Amino acid sequence: MTYNTSFADNLQRNHDRHAQGLQALFAAGGAIESRRITVRHRDGHEFLADWAISIASRADGDRAIAIARPSAQAGESASPADAGEVRYHEILDQIEDACAVVDLKGRYRFVNHAFCRLFGRSREALIGTSFSENSRSDDRIAKLRGVYTQVYQTGTPVKAFEYQLTVNGVEKSLDQSVSVDRDANGQPVGFLTIIRDTTERARAQHELARAKEAAEEATRAKSDFLANMSHEIRTPMNGIIGMTLLALDTELTPYQADCLTTVRTSAESLLTLLNDILDFSKIESRMLKMEAVAFSLRDAVADTLKPFEVHAHQKGLELRHDIDPDVPAVIIGDPVRVRQIMNNLIGNAIKFTERGQVKVSVCQERRRDGRVVLHFAIADTGIGISADHQAAIFEAFRQADGSTTRRFGGTGLGLAISTSLVHMMGGRIWVESEPDAGSTFHFTAAFDLVEGTAAAPPKAAATAVPPARLIKVLVAEDTVINQRVVMRMLTKHGHTVTVVADGREALDAIEREAYDLVLMDVQMPVMGGFEATAAIRAREQQTGGHLRIVAMTAHAMNGDRERCLAAGMDGYLSKPLDPQLLYAIAEEG
Ligand code: ADP
């Protein structure tokens, strides 16, 4: 609280005790308080003055309204014509809040300009009338009467009770305080009441709340739109990538092979871009949720490195990894997101390194209270990053310099996504690098420890193995291109495939014939994949047995996996289908 120092000095000079009392009132943020203090006039004589102080909290800081008038001497009548009273009323008229002096019967003895403005009545019309005659709301009259009684009985001012009022057809929010008004002898003679019009503030708050709601709604709409777009784009991408892979496996002229390889690489980078943008938007709209499942970090590192081996080998790079023996066998966290960060960093390391090696190492930074913080480092011997570019590359759409895009491609989203994911895992990410000497990207992440068990969970089969046995597969999928892609991929490995177009047909097919595996699209006309799976599982309750059902979905949103498993499916493949994962699923059983 700040106040005019000359005012305080003045009081101090006049009367220390009263000055302290008033300062205490300031400090307590008090409401309205009346006091009588001795004041020394300029000409040296002392006289009594009545002070009324009100401290009002406003958006732009606290403010004090102080009104002083010479006290009426004993025997002297306090007529309104009294010069002090006139001055007092003049001051009240300057105040923006509506003020009224009310006698003990509730009749207005004085109302200021703001009061008249607020209620749209003239001073003449109001003076002498009772507050209850001027209000149409019985509720409010009763409430105000209660407040007056309470203030009278306790002598304690009542601050800010709020109510709504319609004045001349306009709805207003008001905030009222009431205190006792005393005469020269300290006897209560009425009340001083201050009403603040808070309509604007209430409206601003309401608008803010509405704007927030609208922004949240827009974010939800954006995320829905992205989820749908990603679904729509992934479906044809499945056709493009799948068919290209199949065509590349046939007899081709070198020219054709070259064209198709370009189609494949372009389609794959388009898919990466799509995934990046989807992830980035999900992070932005805070829709990305972290899973908490038990997984083996050693397997996660090995699985992440595997797809890079061929590319690294082609470039003549050595790809190594080293996991400290201290690192727990099983940890609880989100393996998909840990792999995504490693994937980004390893991908960059290989991309920006022409010779030498890329090495992934993991060690334990600390372990406490059932939590472990791991430190990952991905070191390369590549082109490096100059000191002045090192901070910028972690921002979205930023690359070290303009020539990078032309030489190496990329969107500049990978590190921004990795940074957000690392933060969500309670860690940090940074780089040490020197141009032409190589870079080391570090990140830390916190995981929960599994109580009492050190056993690694079963390793997810993600690698291609030669077909162990040939199976009969039922494919339920409505898009013709996708039907063809799955069918050709499976028949290429010698499996027998039956294709149906919806869930209903799938149920009929299962009635007629036995299958080893059903690949079930989730979104189909007539009957969707979840419904069909539920029907199959219900039937198995009676007949026994368990038919393997694996979902195929173009949805790439969080929670798809859970939804599929909850619907009674045994697994989940996302489109565009990765042939290796498809074979692994088919040949697993
Ligand atoms: P992208 O690789 O798609 O451009 P990233 O966000 O992954 O996007 O990387 C941003 C930039 O950081 C890259 O364009 C590159 O300039 C620089 N960068 C990242 N990793 C490395 C690395 N290992 N060596 C050299 N430069 C790197």
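In the set Thr262, Thr250, Thr244, which member is loosely packed, with under 13 Cβ neighbours inside 10 Å, in a helix (DSSP H, G or I) and modelled with pLDDT of 85 or more? Reasoning before the result, please.
Numbers: Thr250 fails: in a helix (DSSP H, G or I); Thr244 fails: loosely packed, with under 13 Cβ neighbours inside 10 Å.
The conditions single out Thr262.
Being in a strand (DSSP E or B) and of a type in the set (Val, Ile, Thr) is the filter here; which residues of the range 188-223 pass it?
Pass one, the range 188-223, residues in a strand (DSSP E or B): 188-197.
Val189, Thr193, Ile194, Ile195 - these are the residues of the range 188-223 that are in a strand (DSSP E or B) and of a type in the set (Val, Ile, Thr).
Taking the residues in the range 143-162 that are out of contact with any helix residue (DSSP H, G or I) (no Cβ under 6 Å at 6 or more places or on another chain) and assigned to a strand (DSSP E or B) as candidates, determine which candidate is modelled with the lowest pLDDT.
Within the range 143-162, the match that is modelled with the lowest pLDDT is Ala160.
Can you name the condition, by its number, that Thr304 falls short on among (1) buried (at least 17 other Cβ atoms within 10 Å of the Cβ); (2) among the polar types (S, T, N, Q); (3) over 16 Å from Ile378 (Cα atoms)?
Here Thr304 meets the rest and fails (3).
Could you list all residues from the range 102-131 that are surrounded by fewer than 15 Cβ atoms within 10 Å (Cβ to Cβ) and farther than 17 Å from Leu192 by Cβ?
Correct list: Arg117, Gly120, Ser122, Glu124, Ala125, Gly128, Thr129.
Here is a yes/no grid of residues against (1) in contact (Cβ under 8 Å) with a residue 60 or more places away in the chain; (2) under 27 Å from Ile277 (Cα atoms); (3) more than 33 Å from the chain's Cα centre (by Cα); (4) part of a strand (DSSP E or B):
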residue	(1), (2), (3), (4)
Val526	no, no, yes, no
Ala534	no, no, yes, no
Glu540	no, no, yes, no
His546	no, no, yes, no
Ile549	no, no, yes, yes
Arg563	no, yes, no, no
Met569	no, no, no, no
Leu581	yes, yes, yes, no
Ile585	yes, no, yes, no
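Quick one: which residue in Glu432, Glu477 is modelled with pLDDT of 65 or more and within 30 Å of Ala509 (Cα to Cα)?
Numbers: Glu432 fails: within 30 Å of Ala509 (Cα to Cα).
After ruling out the rest, the residue left standing is Glu477.
I'm told Arg537 meets every condition in (1) touching a helix residue (DSSP H, G or I) at 6+ places or on another chain (Cβ under 8 Å); (2) at pLDDT 90 or above except one. Can you identify the failing condition by its number?
(1)
Among Ala538, Ala551, which is hydrophobic (A, V, I, L, M, F, W, C) and surrounded by fewer than 19 Cβ atoms within 10 Å (Cβ to Cβ)? Let's see the steps before the verdict.
Working: Ala551 fails: surrounded by fewer than 19 Cβ atoms within 10 Å (Cβ to Cβ).
When all the criteria are applied, what remains is Ala538.
Give the residues of the range 219-241 that are within 19 Å of Gln580 (Cβ to Cβ) and modelled with pLDDT under 90, sorted by residue number. Reasoning before the result, please.
Going residue by residue through the range 219-241, those that are within 19 Å of Gln580 (Cβ to Cβ) are 234, 237-241.
Within the range 219-241, Arg234, Met237, Asn238, Gly239 qualify.
Give the range 265-284 a look and list any residue that's surrounded by 17 or more Cβ atoms within 10 Å (Cβ to Cβ) and of a type in the set (Gly, Ala, Ser), or say none.
Ala267, Ser281 - these are the residues of the range 265-284 that are surrounded by 17 or more Cβ atoms within 10 Å (Cβ to Cβ) and of a type in the set (Gly, Ala, Ser).
Search the range 163-181 for residues being under 12 Å from Thr199 (Cβ atoms) and among the hydrophobic types (A, V, I, L, M, F, W, C), and hand back the single one that is modelled with the lowest pLDDT.
Val167
From the list Gly427, Gly452, Gly494, which residue is modelled with pLDDT of 90 or more, assigned to a loop (DSSP other than H, G, I, E, B) and away from the ligand (no atom under 16 Å from the Cβ)? Working first, answer last.
Numbers: Gly452 fails: modelled with pLDDT of 90 or more; Gly494 fails: modelled with pLDDT of 90 or more.
Answer to the check: Gly427.
Could you list, in sequence order, the residues of the range 310-339 that are modelled with pLDDT under 90 and of a type outside the set (A, V, I, L, M, F, W, C)?
Initial filter on the range 310-339 (modelled with pLDDT under 90): 310-311, 336.
Matches in the range 310-339: His311 only.
Of everything in the range 223-238, what is touching a Lys or Arg at 6+ places or on another chain (Cβ under 8 Å) and farther than 16 Å from Glu284 by Cα? Give them in sequence order.
From the range 223-238, those touching a Lys or Arg at 6+ places or on another chain (Cβ under 8 Å) are 223, 226, 234-235, 237-238; that's our starting set.
Selection gives Arg234, Thr235, Met237, Asn238.
Show the residue pairs meeting these rules: Cβ distance below 7 Å; 6+ apart or different chains; first residue within the range 234-251 and of a type in the set (Phe, Trp, Tyr); second residue surrounded by fewer than 20 Cβ atoms within 10 Å (Cβ to Cβ) and not in a helix (DSSP H, G or I).
none
Would you confirm, using the coordinates I've provided, whether Asp299 is buried (at least 17 other Cβ atoms within 10 Å of the Cβ), out of contact with any strand residue (DSSP E or B) (no Cβ under 6 Å at 6 or more places or on another chain), of a type in the set (Asp, Glu) and more than 30 Å from Ser223 (Cβ to Cβ)? Steps first, answer last, please.
Values: buried (at least 17 other Cβ atoms within 10 Å of the Cβ): yes; out of contact with any strand residue (DSSP E or B) (no Cβ under 6 Å at 6 or more places or on another chain): yes; of a type in the set (Asp, Glu): yes; more than 30 Å from Ser223 (Cβ to Cβ): yes.
Answer is yes for this residue.
If Gly494 satisfies all but one of (1) farther than 29 Å from Lys289 by Cβ; (2) buried (at least 16 other Cβ atoms within 10 Å of the Cβ), what's the number of the condition it fails?
The one condition Gly494 does not meet is (2).
If I filter the range 103-119 for residues that are part of a helix (DSSP H, G or I), small (Gly, Ala, Ser) and in contact with a Cys (Cβ under 8 Å, 6 or more places away or on another chain), do I get at least one hit?
At the first step, the residues of the range 103-119 found to be part of a helix (DSSP H, G or I) are 113-119.
Those still in the list that are small (Gly, Ala, Ser) too: 114.
Cutting the leftovers down to in contact with a Cys (Cβ under 8 Å, 6 or more places away or on another chain) gives us 114.
Looking for residues that are part of a helix (DSSP H, G or I), small (Gly, Ala, Ser) and in contact with a Cys (Cβ under 8 Å, 6 or more places away or on another chain), one finds at least one in the range 103-119, hence yes.
State which residue pairs qualify: first residue more than 29 Å from Val293 (Cα to Cα) and inside the range 425-441, second residue more than 9 Å from the ligand (Cβ to nearest atom) in any location, beta carbons under 6 Å apart, and separation of 6 or more residues or different chains.
Cβ pairs passing all conditions: Pro435/Ser386; Gly438/Thr381.
Kindly list the number of the only condition in (1) assigned to a strand (DSSP E or B); (2) away from the ligand (no atom under 12 Å from the Cβ); (3) modelled with pLDDT of 95 or more; (4) not aromatic (Phe, Trp, Tyr) that fails for Met342.
(1)
Hey, can you tell me all the residues within the range 367-390 that are within 11 Å of the ligand (Cβ to nearest atom) and exposed (fewer than 14 other Cβ atoms within 10 Å of the Cβ)? Break it down into steps so the answer makes sense when it comes.
The initial filter retains those residues of the range 367-390 that are within 11 Å of the ligand (Cβ to nearest atom), namely 378-386, 389-390.
Ser386 - this is the single residue of the range 367-390 that is within 11 Å of the ligand (Cβ to nearest atom) and exposed (fewer than 14 other Cβ atoms within 10 Å of the Cβ).
Given the criteria touching a residue at least 60 places away in the same chain (Cβ under 8 Å) and in a loop (DSSP other than H, G, I, E, B), does Leu278 qualify?
Details: touching a residue at least 60 places away in the same chain (Cβ under 8 Å): yes; in a loop (DSSP other than H, G, I, E, B): no.
No; evaluated as a whole, the condition is false for this residue.
If you take the residues of the range 181-222 that are within 30 Å of Arg286 (Cα to Cα) and touching a strand residue (DSSP E or B) at 6+ places or on another chain (Cβ under 9 Å), which of them is surrounded by the most Cβ atoms within 10 Å (Cβ to Cβ)? Quick ask: steps written out before the conclusion?
Filtering the range 181-222 down to residues within 30 Å of Arg286 (Cα to Cα) leaves 202-222.
Subset that is touching a strand residue (DSSP E or B) at 6+ places or on another chain (Cβ under 9 Å): 202-203.
On the way: Ala202: 17, Arg203: 12.
Applying the filter and picking the extreme gives Ala202.
Give the residues of the range 367-398 that are acidic (Asp, Glu) and assigned to a strand (DSSP E or B), sorted by residue number. Give the derivation first.
Residues of the range 367-398 that are acidic (Asp, Glu), as a first pass: 369, 380, 388, 395.
Hit for the range 367-398 is Asp380, nothing else.
I need the full set of residues from the range 306-339 which are within 16 Å of the ligand (Cβ to nearest atom) and in a helix (DSSP H, G or I), in order please.
Passing the criteria: Phe308, His311, Ala312, Arg337, Arg339.
For the range 359-366, check the following and say yes or no: at least one residue is in a strand (DSSP E or B), more than 12 Å from the ligand (Cβ to nearest atom), under 11 Å from Ala446 (Cα atoms) and free of Cβ contacts under 8 Å to residues at least 40 places away in the same chain.
Yes, some residue in the range 359-366 is in a strand (DSSP E or B), more than 12 Å from the ligand (Cβ to nearest atom), under 11 Å from Ala446 (Cα atoms) and free of Cβ contacts under 8 Å to residues at least 40 places away in the same chain.
Report, by residue number, each residue of the range 114-132 that is within 15 Å of Leu165 (Cβ to Cβ) and among the charged types (D, E, K, R).
Scanning the range 114-132 gives Arg117, Arg121.
The values are calculated or read from the model by the stated rules, or taken from the named source; none is laboratory data. Fair warning: this is a prediction, and the values are worked out from it, not measured in the lab. Backbone-built Cβ (ideal geometry, glycine too); neighbour counts: all protein chains shown.
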